[in-house]
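Participant: Input: one structure, supplied below.
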Amino acid sequence: MSQRDLVSWNALVCGYLTNGYCPEAFEAFREMLAVGLMPSASTLVSVIPVCMILGELSSGRSLHGFAIKCGVLDDEVMTPTLISMYGCFSDLNSARKLFEMMLEKHVVAWNAMISAYAKVGESGEACGVFQLMHRSDTKPNLVTLVSVLSSCCNLANACYGESVHAIGIKFGLTYNVGVVSALVSMYAKLGELDAARCLFNSVSEKNLLLWNSMISGYLLDGLWHKSLDIFIDMIANGVMPDAISIISVISACSISQDLRSGDSAHAYIIRNGFDSVVNVMDGLLSMYSACHRLDASLNLFHKMKARNVISWNVLISGLAKTGDTEGCMAFFHQMGQEGVKFDLITLISIISGFNQVDQITTGMPFHALVIKSGYSSDTQLTNALISMYANCGNMRAGQLLFNSLEMKSVVSWNALMMGYRDCNLFEEVMVLFDQMKMGGQKPNSVTLLNLLPICIFQQQGKSIHAFALRNLSIMESSFLTSTMCMYARFENLDYCHLLFEQLDKRNITSWNTKMSVYLQSRHIANSVTCFKELLTLGMQPDSVTILILVSACSVLGSLELAQCITSFIIRKGFDKNISVINALIDMYAKCGSIAIAKDLFNTSHNKDTITWSVIINAFGIHGDGLAALDLFSKMQDAGLKPDDVTIISILSACSHSGLVEEARVIFKSMIEDHWIKPRMEHYACMVDLLGRMGYLDEAYDLIRRLPFKPCSSLLESLLGACRSHGNVEIGEAIGKLLLELKSCSSNSL
C-alpha cells in the first residue's frame with residue numbers, strides 16, 4: 001500500500017490479534033505510532049487485550065495514558081476495556097476508580113466491573129456491584145446474568161441466587177440456553193439439585209453446554225453415578241460430547257474409584273479420537289492413579305501422543321502417594337532429560353512423598369532445589385516442606401521453616417500442628433492453637449480436625465465443637481464426621497445421631513461415618529444394620545463402606561456373614577481393590593478360616609507390603625509362627641521391604657508361637673538392616689514374648705532401655721509374667737514403675 005491510513009493500521013492490528021499473533025500485533029501498533037498516526041478508541045480497544053495476553057501491565061498503563069492523551073477515554077467501549085484489563089491483573093482498585101469516574105454507566109461498564117470481581121474470586125463485591133446496577137435501573141443482559149450467577153455459587157447463599165434468577169425472569173433472559181446452563185450450574189453447586197434438574201428438564205432443545213452443566217452439577221454434589229447416567233442420556237439424545245464432558249466423566253470414575261466405568265470411558269476416548277487431547281489423557285492418568293492402578297497409569301503415560309508438565313505431575317503424584325519415592329525421583333530426572341521444566345506442583349508432589357524418618361536425607365536435597373529455583377518464598381511449597389520435616393520426625397526443622405515465614409497462612413499453622421500431633425506432642429498442638437488465635441489468624445475446619453482426635457476428655461471435644469459453631473460459617477461434612485468419631489470415643493451415641501442428621505444423607509461418606517461410629521463404640525451389629533439401611537435407600541457403597549463392613553464382620557467372627565460379604569464384593573467389582581482383598585484375608589483369619597485366607601493371598605496378583613503383613617499376622621493368630629517366618633522370608637525374596645507394621649506382625653507371630661531367638665534376630669534387624677525405629681508396639685511384642693517364655697531379666701532390661709516412657713499395658717504384661725514365674729524382685733520393680741506412671745497421669749489431669 002502506497003498510503004496507509006488509521007483504518008489500514010487498525011485492520012492489520014486486529015488481523016494479527018484475531019489469528020493469535022499477539023507480539024506482531026503489538027509491533028504493528030508501535031510502527032503505527034512511529035509514522036505519526038494518533039490511535040483511535042478502536043485501535044486501543046484492539047491493542048489492550050494484547051497486554052492482557054502477554055502479561056504486560058506496564059504497557060497497559062501506558063495505553064491508558066494514551067487514551068487520556070488522545071481524548072478517547074469517554075468512548076463507550078474504552079473504559080470497560082480498561083476495567084477488564086485491570087481486573088485481569090487483579091488491580092481491582094484501579095478498575096473500581098475508573099468505574100466510579102464514569103458519569104454515565106452503561107451495561108457494558110457494569111458487566112466489566114462485575115466480571116473483574118468475579119474472575120478473582122471476589123464474589124461478594126461482584127454481587128454488590130450487581131445490586132448497585134439493579135438500583136440504578138440499568139437493564140441487565142445475558143452477559144450480566146452469567147457473570148453474577150457464577151459469583152452466587154461461591155457465596156453459598158441460595159436465597160441470593162434465587163433473587164438473581166427472579167430478576168432474569170423479569171427481564172426475559174431465562175429463555176437463553178446459556179443463562180439456563182449458568183442457573184443449573186449455580187443450583188447444583190448450592191446443593192439444590194432438584195431445582196437444577198427441573199430447569200434442565202424445562203429446556204426442550206438442550207445444547208452441549210447445558211448437558212455439561214448437569215453432568216458437573218451431579219459430580220460436584222458427589223452423585224457420581226447420576227453424573228455417568230446423564231452422560232449416557234446425552235449420547236443417546238445424539239449430542240456428541242466434548243473434552244469437558246469426557247473430563248467430567250473421568251473425574252466421576254476417579255472419585256468413585258469405579259475402574260470398570262473408567263475402562264469403558266478409556267475405550268470411548270480412543271474410539272472417538274479424544275486420545276489426542278492432552279487434558280483428557282491427563283484425566284485418565286489421574287483416574288488410574290486414584291483407582292490404585294499405577295501399572296495402567298504408567299502404561300498409558302508411555303503411549304501418550306503428547307505430554308505436558310501436568311502429565312508428569314500426575315504420574316509423580318501417584319507414585320508419591322504409594323510411597324514410591326525412588327520412582328518419583330526417577331521420573332523427575334527423566335522429565336529433566338526430556339526438556340520438560342518442573343513447576344511448583346512437581347516439587348510439592350515429590351516433597352509430599354517424603355514421610356518416613358529414613359527419607360529425610362533424600363528430601364533435604366529437594367529443599368535445596370526449592371531455594372536454588374527461587375521458589376523458597378512460595379508459602380504453599382514452604383508448607384509442604386514443613387509437613388515433610390514433621391512427617392520425618394524433624395520437628396525442629398519444621399518449626400524453623402515455620403518461623404521463617406513472613407506471612408503465615410492458616411495452612412502453615414495446620415501443617416505444623418499436624419506434625420506435632422503425629423509426634424504425639426499434644427501439648428504443643430494446643431499451644432500452637434492458642435498462639436494462632438492470639439496472632440489474629442482465624443482457625444478453619446482443618447485446624448479443628450487436628451484438635452478433635454487428641455481430646456482427652458469429652459469436655460475438651462465439646463469446647464472445640466462449640467468453637468466451631470461460633471466461628472465457622474459452614475459446618476463442613478468432614479468436620480461433622482470427625483466430631484461424630486470424637487463423641488464415639490466417649491460412647492456418646494446420642495450426639496453422634498444428632499450430628500448424623502445434619503449430614504447429607506445422599507453422600508456415602510455420611511453413612512460410612514455412621515457405620516464407623518458403631519464399629520468404634522463396639523455396637524458391631526448396628527454397623528451391619530446401617531449397611532443394610534443404606535442399600536435399602538438406594539445408596540451405592542464405596543471401597544470405604546466395604547472396608548468398614550469387613551472390619552465389623554472380623555469382630556463378629558461369623559464365617560457365614562463373611563461369605564455373604566465376599567459374594568457382594570465380587571458382584572460389585574470391589575475384589576479388584578487391593579485394600580479390600582487385604583481386609584478379606586484378615587477377616588477370614590479372624591473368622592477361623594486360615595485356608596480361605598491363604599487362598600485369597602495366593603490368588604491376589606497385586607500383593608503389596610500390607611498384603612504380606614496381613615497374611616503373616618493371620619498365621620500368627622493361628623499359632624503357626626514357622627509359616628509366618630517362611631512368608632516373611634518370601635516377602636523379602638520378592639523384593640518387598642518390610643515396614644513397621646510388617647515387623648509388628650512377625651514379632652506377634654513369634655510371640656504366639658514362643659519363637660524367642662527368631663524374634664531377637666528380627667528385632668535387631670529392623671533397626672540395623674531396615675532402618676525402622678521401634679515403636680511401643682514393637683517393644684510390647686518383645687516384652688510379652690520374653691516374659692511368657694521366662695526371660696524376665698531380658699524383658700526388664702528392655703523396658704529400662706526404652707527411649708520413651710512405657711505404657712501401662714506394657715508394664716502390666718510383664719507384671720503378669722512375673723506373677724506366673726514367681727519372680728518377686730522384678731515384679732516389685734515393675735509395680736513401682738506402674739505406680740509412678742499412674743501418679744504422673746493423675747497430676748497431669
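Participant: Taking the Cα centre of region 332-412 as origin and charging only Cβ (+1 Lys, Arg; -1 Asp, Glu), how large is the dipole, in debye to the nearest 20? Each step should come with its number before you reach the end.
Facilitator: Working: 4 positive and 5 negative charges, 31 e Å.
Computed charge dipole of region 332-412: roughly 140 debye.
Participant: Please work out the FRET efficiency for the pair Glu24 and His605, using the Cβ-Cβ distance as r and a Förster radius of 45 Å; give the result to the nearest 0.05.
Facilitator: Working: r = 57 Å, r/R0 = 1.26.
With R0 = 45 Å, the Cβ-Cβ based efficiency is 0.20.
Participant: Explain nothing, just the number: dipole magnitude of the chain about its Cα centre with +1 on each Lys and Arg Cβ and -1 on each Asp and Glu Cβ, in debye rounded to the nearest 20.
Facilitator: Details: 56 positive and 68 negative charges, 132 e Å.
The calculated dipole for the chain is roughly 640 debye.
Participant: How far apart, in nm, are two points set 7 Å out from the Cα along the Cα-to-Cβ line at Ala330 and at Glu476?
Facilitator: Spacing of the two 7 Å Cα→Cβ label points: 3.5 nm.
Participant: Sorted from fewest to most neighbouring beta carbons within 10 Å, what does the list Tyr21, Tyr588 look like? Could the numbers behind the result be given before it?
Facilitator: Working: Tyr21 14, Tyr588 26.
Fewest-to-most Cβ neighbours within 10 Å comes out as Tyr21, Tyr588.
Participant: Along the charge dipole of the chain, pointing to its positive end and built from +1/-1 on Cβ of Lys, Arg, Asp and Glu, which listed residue (Ala41, Ser604, Val370) has its Cα farthest out?
Facilitator: Ala41
Participant: Another question, then. Quickly work out the Lys709-to-Asn201 label distance, labels modelled 7 Å from Cα along the C-beta direction, and quote it in nm with one decimal.
Facilitator: So the two model labels end up 6.3 nm from each other.
Participant: Same structure, new question: Using the 10 angstrom Cβ neighbour count as an exposure proxy, how do Cys591, Cys328, Cys70 rank, fewest first? Write down the numbers at each step before the final one.
Facilitator: Values: Cys591 20, Cys328 27, Cys70 16.
By the 10 Å Cβ count, ascending: Cys70, Cys591, Cys328.
Participant: What does the net charge come to around Asp194 if you take all other residues with beta carbon closer than 15 Å to its beta carbon, with K and R at +1 and D and E at -1? Mind dumping the intermediate values first?
Facilitator: Details: positive: Lys189, Arg197, Lys226, Lys505, Arg506; negative: Glu162, Glu192, Asp221, Asp504.
Net local charge, Asp194 excluded: +1.
Participant: Please sort 100-106, 411-417, 658-664, 272-278 by packing, taking for each peptide the average over its residues of neighbouring beta carbons within 10 angstrom, highest first. Display every interim value, and only then the final one.
Facilitator: Values: 100-106: 11.1, 411-417: 23.7, 658-664: 17.1, 272-278: 14.7.
Taking the mean over residues of other Cβ atoms within 10 Å, the ranking is 411-417, 658-664, 272-278, 100-106.
Participant: Moving on. Could you derive backbone 3J(HN,Hα) for region 381-395 from the dihedral phi with the Karplus parameters 6.51, -1.76 and 1.60 (θ = phi - 60°), listing whole Hz in sequence and x where the residue is Gly or Pro?
Facilitator: 5, 5, 4, 5, 5, 4, 4, 4, 5, 5, 5, 8, x, 9, 5
Participant: What ranking of Val249, Val370, Val446 emerges when the number of other C-beta atoms within 10 Å of each C-beta is taken as an exposure proxy, fewest first? Intermediate values should be presented prior to the final figure.
Facilitator: Details: Val249 28, Val370 21, Val446 17.
So the residues, fewest neighbours to most, are Val446, Val370, Val249.
Participant: In sequence order, what are the phi-derived ³J(HN,Hα) couplings for region 662-671 according to the Karplus relation 6.51 cos²θ - 1.76 cosθ + 1.60 with θ = phi - 60°, rounded to whole Hz, with x for glycine and proline?
Facilitator: Listing the rounded values in order: 4, 5, 4, 5, 5, 4, 5, 5, 4, 7 Hz.
Participant: I'd like the Karplus ³J(HN,Hα) series for region 709-719: coefficients 6.51, -1.76, 1.60, θ = phi - 60°, whole numbers in Hz, and an x wherever there's a Gly or Pro.
Facilitator: Once rounded to whole Hz, the list reads 5, x, 7, 5, 5, 5, 5, 5, 4, 6, 4.
Participant: Relative contact order for region 644-749: what is it in percent, counting Cα pairs under 8 Å that are at least 6 residues apart? Please report the intermediate quantities before stating the final value.
Facilitator: Values: 92 pairs, mean separation 22.1, N = 106.
With pairs under 8 Å counted, the relative contact order is 21 percent.
Participant: Among Ile456, Met113, Gln3, pick out the residue whose Cα is farthest towards the positive end of the charge dipole of the chain, where Lys and Arg carry +1 and Asp and Glu carry -1 on C-beta, about the Cα centre.
Facilitator: Working it through, the farthest residue towards the positive pole turns out to be Met113.
Participant: Along the charge dipole of the chain, pointing to its positive end and built from +1/-1 on Cβ of Lys, Arg, Asp and Glu, which listed residue (Phe574, Tyr495, Thr382) has its Cα farthest out?
Facilitator: Among Phe574, Tyr495, Thr382, the one farthest towards the positive end of the dipole of the chain is Tyr495.
Participant: Within region 350-374, whose backbone N sits under 16 Å from a point 7 Å along Cα→Cβ of Arg396?
Facilitator: Of the residues in region 350-374, 360-361 have backbone N under 16 Å from the label point off Arg396.
Computed from the coordinates by the stated procedures, all read-outs in this text should not be read as laboratory data. Since the model is a prediction, treat every value here as computed from it, not as a measurement. Glycine gets a Cβ as well: all are built from the backbone with ideal geometry, and neighbour counts include every protein chain shown.
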